[in-house]
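Everything on this sheet refers to the single structure shown next.
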Amino acid sequence: MTDRSHVTSHVLDSVIGRPAAGVPIILEHDELGNWHMIGSAVTDADGRVNQLGPARLEPGRYRVTFDTATYFAEQEVRPFYPEVHVVFELLDADQHYHIPLLLSPFAYSTYRGS
């Protein structure tokens with residue numbers, strides 16, 4: 001089994017029904033109202049990111065930003081949402097947090113994954 005960070009992600013392109021490879025993702029921590037980058041990665045061929053920041057994070061507010069414009073530019077598609085921000089509360093430092101994104105040029109959804 002490969003090591004993974006405390007926060008991971010998976011991006012699926014719901015238009016083509018396939019993983020979204022090549023999506024840049026940034027993980028940030030909210031420190032007194034200021035966002036500080038603590039990790040970044042690009043989705044692999046399966047649309048996954050298993051290394052996005054440290055292996056352990058303290059409870060707090062975090063934000064994952066998906067650079068959808070870069071992904072859709074490779075597809076020669078101009079999206080309505082050039083980036084997606086997902087803000088979440090990491091409440092339990094002992095649990096793994098997985099932030100999936102279902103993506104199309106004109107819509108997106110996310111949920112707490114496992």
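Seen from residue 18, the other residues with C-beta closer than 15 Å to its C-beta sum to a net charge of -3, counting Lys and Arg as +1 and Asp and Glu as -1. Karplus-derived 3J(HN,Hα) values for the range 11-16, using 6.51 cos²θ - 1.76 cosθ + 1.60 with θ = phi - 60°, are 10, 10, 7, 6, 6, 9 Hz; glycine and proline are entered as x.
What the Cα atoms of the range 1-44 give is an Rg and a Dmax of 13.3, 40 Å.
When a 1.4 Å probe is rolled over the protein heavy atoms, the share of accessible surface on the range 43-97 that falls to carbon and sulfur comes to 47 percent. Counting Lys and Arg as +1 and Asp and Glu as -1 over every other residue whose Cβ lies under 15 Å from the Cβ of residue 72, the net charge comes to -3.
Take the Kirkwood radius over Cα pairs of the range 42-92, plug it into Stokes-Einstein at 4 °C and 1.567 mPa s, and you get 100 µm²/s for translational diffusion. For the chain, what is the mean residue ellipticity at 222 nm derived from helices alone (per DSSP H run of n ≥ 4: -39500 (n - 2.57); sum divided by total residues; nearest 500 deg cm²/dmol)? Computed ellipticity for the chain at 222 nm equals -1500 deg cm²/dmol.
Probing with 1.4 Å while keeping every protein chain in the model, the per residue accessible area of the range 28-114 equals 60 Å².
The values are calculated or read from the model by the stated rules, or taken from the named source; none is laboratory data. Here the structure is a predicted model, which is why all the values come from computation and not from measurement. Methodologically, a virtual Cβ is constructed for each residue, glycine included, from the backbone with ideal geometry; neighbour enumeration extends over all protein chains shown. For accessibility, only protein heavy atoms count, side chains too; no ligands or nucleic acids. Shrake-Rupley method; radii C 1.70, N 1.55, O 1.52, S 1.80 Å.
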